[in-house]
Amino acid sequence: MSNILVVAAHSDDEALGCAGTIAKHVKNGDKVFPLFIADGVNSRDGDENALSTREAAAKNALKYLGTEPPIFLNFPDNRLDNVALLEIVQIIEAQVEKIRPTRILTHWFNDLNVDHQIVCKAVHTATRPMPGQSVIEILCFEVLSSTEWNFCSTEQFRPNYFVEITETFDNKMLALKSYEMEMRPFPNARSSEGVEALAKLRGVTVGVPFAEAFVMTRSLRSGDLV
């Protein structure tokens, strides 16, 4: 049994990016701890109850994945570039020290969304490979409508690690139904059809029906190599 930490900028990023992998970890007996950095709503005009609605949706989504209770930090949405990076880093460091995860799932550093970029940088800063560091793997996931939309970047998402999610794909889709307010009709990238298409594409890339793809930015193997 291992502890897995998911560090996402906003609730729903985890469902889009790695819900199948989360559910698979839980099925394998691991404990998964979700940490959401920004609130995901205060950059928008509208419902004064939006924050509580978003948190309730996240808690419901995570029931389908079987995680531990989520932590919501509620930093301002799409304004993490106005927050001192050190403040975010120190919070992540404290969670790493408490949870002692061996693997972290987080954002790809070149997503279009600035919050995603900053969270990725903060995770890598907080988990610098020093003696006693529990984190031996960092996997960066893709988020539809952010990862593939960064057209101006010369560094595109090129996955080097795949997790088959054929048995947990339904968990992923059920989790996303909880975020109905964030989903869009086809052919928007954030449609149910778009999510399924990406999972199939990543699957056939490695010869399985459904998969999630990651860029592994750290992997430390101890003991004998086979």
Exercise for review: Provide, for the chain, the number of lysine pairs with alpha carbons under 19 Å apart, each pair being eight or more places apart or on different chains.
Suggested key: 18
Practice item. Could you please report the charge total around Asn171, scoring K, R as +1 and D, E as -1 over all other residues with beta-carbon less than 14 angstrom from its beta-carbon? Key: -1
Check your understanding: With every protein chain present, what accessible area does Ser219 have (1.4 Å probe, heavy atoms only), rounded to the nearest 10 Å²?
Key -> 60
Review point. Going highest first, how would you order 125-131, 143-149 by mean Cβ packing within 10 Å?
Key: 143-149, 125-131
Review point. Averaged per residue, what accessible area in Å² does region 1-155 show with a 1.4 Å probe, protein chains only?
Key: 43
Study note, to complete from the structure: Expected unfolding gain across Leu85-Glu148 under the 0.36 nm per residue rule, minus the alpha-carbon gap, is 20.2 nm
Practice item. Taking H placed 1.01 Å from N in the peptide plane, check which residues at least 5 places from Met216 or on another chain put their amide H under 5 Å from its amide H. Key: Cys140, Asn160, Tyr161
Practice item. Return the percentage of antiparallel bridges among DSSP beta bridges fully within the chain, rounded to the nearest 5 %. Key: 35
Study note, to complete from the structure: In Å², rounded to a whole number, the accessible area per residue of region 161-226 with probe 1.4 Å is 59
Point to revise | Total formal charge among the other residues, if their Cβ is under 9 angstrom from that of Pro34, Lys/Arg +1 and Asp/Glu -1 | key: -2
Practice item. Divide, for region 70-202, the radius of gyration over alpha carbons by 2.2 N^0.38 Å, where N is the residue count. Key: 1.14
Practice item. With a 1.4 Å probe and every protein chain kept in, tell me what percent of the accessible surface of region 131-226 is carbon plus sulfur. Key: 56
Check your understanding: How much accessible area does Glu87 have with a 1.4 Å probe, in Å² rounded to the nearest 10?
Key -> 90
Review point. Among Phe157, Phe214, Phe186, which one moves the most in a GNM of the chain with springs linking Cα atoms closer than 10 Å?
Key: Phe186
Practice item. Grab the beta carbon distance between Ser192 and Thr166, set R0 = 22 Å, and tell me the FRET efficiency rounded to 0.05. Key: 0.80
Review point. Ignoring ligands, DNA and RNA, what percent of the accessible area of region 60-114 is carbon or sulfur (1.4 Å)?
Key: 51
Check your understanding: In a GNM of the chain with a 10 Å cut-off on Cα contacts, which of Ala197, Ala213, Ala57 has the highest mean-square fluctuation?
Key -> Ala197
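The values are calculated or read from the model by the stated rules, or taken from the named source; none is laboratory data. Nothing here was measured: the structure is a model prediction, and the numbers come from that model. No Cβ is skipped: glycine too gets one built from the backbone with ideal geometry, and neighbour counts run over all protein chains shown. Areas reflect the complete protein model, heavy atoms only, side chains present, ligands, DNA and RNA absent. Shrake-Rupley method; radii C 1.70, N 1.55, O 1.52, S 1.80 Å.
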